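S.K.: Below are the structure tokens for one structure; questions will follow.
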Amino acid sequence: MKSISNLNGKNVFITGGLSGIGKKCALYAARDGANVIVADLDSPAKDATMAEIKKWNAKAIFIHCDVSNFNEVESAIAETVNVFGSFDVALNNAGIGGESSRIGDMTEKAWQDVIAVNLNGVFNCMKHELYQMSKQKSGVIINMSSILGKVGFANAGHYVAAKHGVIGLTQTAAMEYALEGIRINAICPGFVSTPLLESGGISQNAEVKTMIENLHPMKRFGDDDEIANVFLFLATEGSSFMTGTAVEVDGGYLAQ
Ligand code: NAP
């Protein structure tokens, strides 16, 4: 029997790690003994979040990195390798919701803004992560997709397209690197209570919130702990035969 593994001593790189799901995954990784690299935009939450992560006695650093910027991502990954020596686990999680509108009314800017972060951002990260992991012949990548990477959702064409693209990149990279000791999977959360939903006006509007909760057979939003536990599983050896999957963590949303 294989023993249950953990992230002890591993270097875990998380984009968008200052808030919501990414922050919770960073805390779980730190609790599990990992060194944590948070790559995010600067935010007022930075110092408090990094202090929270370090409370688990983790070595943790913050790197300013806009994932939509190819060169900033390249530098962030190079800095991680310089500081910690290797690049073991990456969670490509940074994402935005974007403005809501039907496709015929969507501005080019609204489209480009979401694609730049949610799709190009994941490509930028994977490109540089895989280059490094391929040299090491080891590594794990987890991409944050969504239930909306598998089905449509009205007024979110940009987001839906980006999240479908993330699954396509995940599957393709899994095939390309399967024999190099590198596993690549995606997580597809249902709606999870985070600042992203607040900025989209969903959490504060009781009517909209109930309507969306009811789209999940469990009739509630997910909790970021419920996503972080799956992240931990995919990041460690317990999932050693999994690659190219897009794991649904959605209270039954996609079962219907
Ligand atoms: P969140 O609380 O808003 O956190 C997202 C983080 O990403 C924030 O720290 C944000 O920084 C950062 N970020 C935004 N743009 C960035 C950029 N260009 N470069 C680097 N970092 C950037 O959102 P969340 O709900 O945790 O979402 C995390 C991921 O899960 C996203 O990919 C999202 O699409 C996905 N997801 C969320 C849900 C949900 O219901 N919450 C469901 C399915 C999938 P700022 O705060 O400074 O903007």
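S.K.: When you scan segment 82-104, do you find a residue that is open to solvent by 20 Å² or more (accessible area, probe 1.4 Å), of a type in the set (V, I, T), within 12 Å of the ligand (Cβ to nearest atom) and out of contact with any Cys (no Cβ under 8 Å at 6 or more places or on another chain), even just one?
M.R.: Yes, that holds for at least one residue.
S.K.: So M133 clears everything in (1) touching a Gly at 6+ places or on another chain (Cβ under 8 Å); (2) within 14 Å of the ligand (Cβ to nearest atom); (3) under 21 Å from I14 (Cβ atoms) except one condition, right? Which one?
M.R.: The single condition M133 does not satisfy is (2).
S.K.: Also, I was wondering about something else. Please determine, by comparing only the residues of segment 136-170 that are out of contact with any Lys or Arg (no Cβ under 8 Å at 6 or more places or on another chain) and of a type in the set (V, I, T), which one is nearest to the ligand (Cβ to nearest atom).
M.R.: Among residues in segment 136-170 that are out of contact with any Lys or Arg (no Cβ under 8 Å at 6 or more places or on another chain) and of a type in the set (V, I, T), the one nearest to the ligand (Cβ to nearest atom) is I147.
S.K.: Just checking, how many residues over segment 12-62 are within 10 Å of the ligand (Cβ to nearest atom), in contact with a Ser or Thr (Cβ under 8 Å, 6 or more places away or on another chain) and of a type in the set (A, V, I, L, M, F, W, C)?
M.R.: Total satisfying the criteria: 5.
S.K.: Just to be sure I understand, how many residues within segment 179-208 are crowded, with 18+ Cβ neighbours inside 10 Å and more than 22 Å from the chain's Cα centre (by Cα)?
M.R.: Count: 0.
S.K.: Continuing with the same structure: Is there any pair linking a residue in segment 213-228 that is within 11 Å of the ligand (Cβ to nearest atom) to one that is basic (K, R), with Cβ under 6 Å and at least six apart or on different chains, and which?
M.R.: So the pair list comes out as D224/K24; A228/K24.
The values are calculated or read from the model by the stated rules, or taken from the named source; none is laboratory data. Computed from a predicted model, the values in this text were never measured in an experiment. Ideal geometry is used to build each Cβ from the backbone, glycine not excepted, and the neighbour counts take in all protein chains shown. Side chains are part of the model used for accessible areas, which takes the heavy atoms of the whole protein and leaves out ligands, DNA and RNA. Shrake-Rupley method; radii C 1.70, N 1.55, O 1.52, S 1.80 Å.
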